[in-house]
Amino acid sequence: QDEEMIVFYKNSGMVMHKGSGFDYGISEMLKSYYKNPNFTFVNRIDKETSGLVLGSKNLPKTRELTEKIRDRDISKSYYVLVKGNTPEKFVVKNKLKDNGERVVLDKDGKDAVTYFEKLDYNDGISLLKAELETGRKHQIRVQLSNEGYPIIGDKKYGIKDNSEKFYLCCYEIAFDSYKFNIKYKIFK
């Protein structure tokens, strides 16, 4: 962190913001900790997803970082474990729409593009690196499920199994001269 921003590691199961039955999330906790009502996260990840999120401590920095996200000048990379033996490299381009209950493929939805690379395969499970070109709600989850490679532990879009962990982790955020990554907390 510095005076204007923070990169925070969010564990799986933590919520970003209050709402949906939660009185507070990490955003409210950090607003209280910093005694700063202007603190906000400029990107979000699902409750089940672990990994890095980017926060801003003042309104000018929030506007700057939000513009970078909109202009796709901030890259986010994920590790993900899926069922199945995926191709070595593949790109998924489609249109996604939130119908209120789920995110679905829809010709009237918003463009969603993700680049995938298989890093390892063992016993029916592939470890992938995913790089987002766009950042739609549940993008990686929906795209992989529709390709026939559901994320292990994804009870909403994947296979209902006994997995207690959800294996999707944002391990890197990069922009300008900054590159933040984690190496040792994957899937915790």
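The values are calculated or read from the model by the stated rules, or taken from the named source; none is laboratory data. What you see is a predicted model, and the numbers here were worked out from it, not measured in a lab. So basically every Cβ, Gly included, is an ideal-geometry build from the backbone, and we count neighbours across all protein chains shown. The area values use the complete protein model at the heavy-atom level, side chains included, leaving out ligands, DNA and RNA. Shrake-Rupley method; radii C 1.70, N 1.55, O 1.52, S 1.80 Å.
Observations
- Positions within segment 46-58 being modelled with pLDDT of 90 or more and under 9 Å from the mean Cα position of the chain (by Cα), in sequence order: Thr49, Ser50, Gly51, Leu52, Val53
- Within segment 78-176, strands (runs of 3 or more DSSP E) holding 1 or more residues that are acidic (Asp, Glu) and either under 21 Å from Gly51 (Cα atoms) or open to solvent by 50 Å² or more (accessible area, probe 1.4 Å) (or both): 89-98, 110-122, 125-132, 168-175
- Evaluation of Asn43 against (1) modelled with pLDDT of 90 or more; (2) touching a Gly at 6+ places or on another chain (Cβ under 9 Å); (3) open to solvent by 20 Å² or more (accessible area, probe 1.4 Å); (4) of a type outside the set (D, E, K, R) (one fails), failing number: (3)
- Residue in segment 60-70 that is outside any helix (DSSP H, G or I), acidic (Asp, Glu) and either free of Cβ contacts under 8 Å to residues at least 40 places away in the same chain or within 28 Å of Lys110 (Cβ to Cβ) (or both) present: no
- Taken together, the criteria place Gly25 among residues that are within 19 Å of the chain's Cα centre (by Cα) and open to solvent by less than 20 Å² (accessible area, probe 1.4 Å).
- Test: residue in segment 78-94 that is closer than 28 Å to Val7 by Cα and charged (D, E, K, R): no
- Odd one out for Tyr115 among (1) of a type in the set (Phe, Trp, Tyr); (2) modelled with pLDDT under 95; (3) out of contact with any helix residue (DSSP H, G or I) (no Cβ under 9 Å at 6 or more places or on another chain): (2)
- The residues in segment 52-76 that are among the hydroxyl-bearing types (Ser, Thr, Tyr) and surrounded by fewer than 19 Cβ atoms within 10 Å (Cβ to Cβ) can be counted, and the count is 2.
- Condition met for Lys156 (charged (D, E, K, R) and without any contact (Cβ under 8 Å) to a residue 12 or more places away in the chain): no
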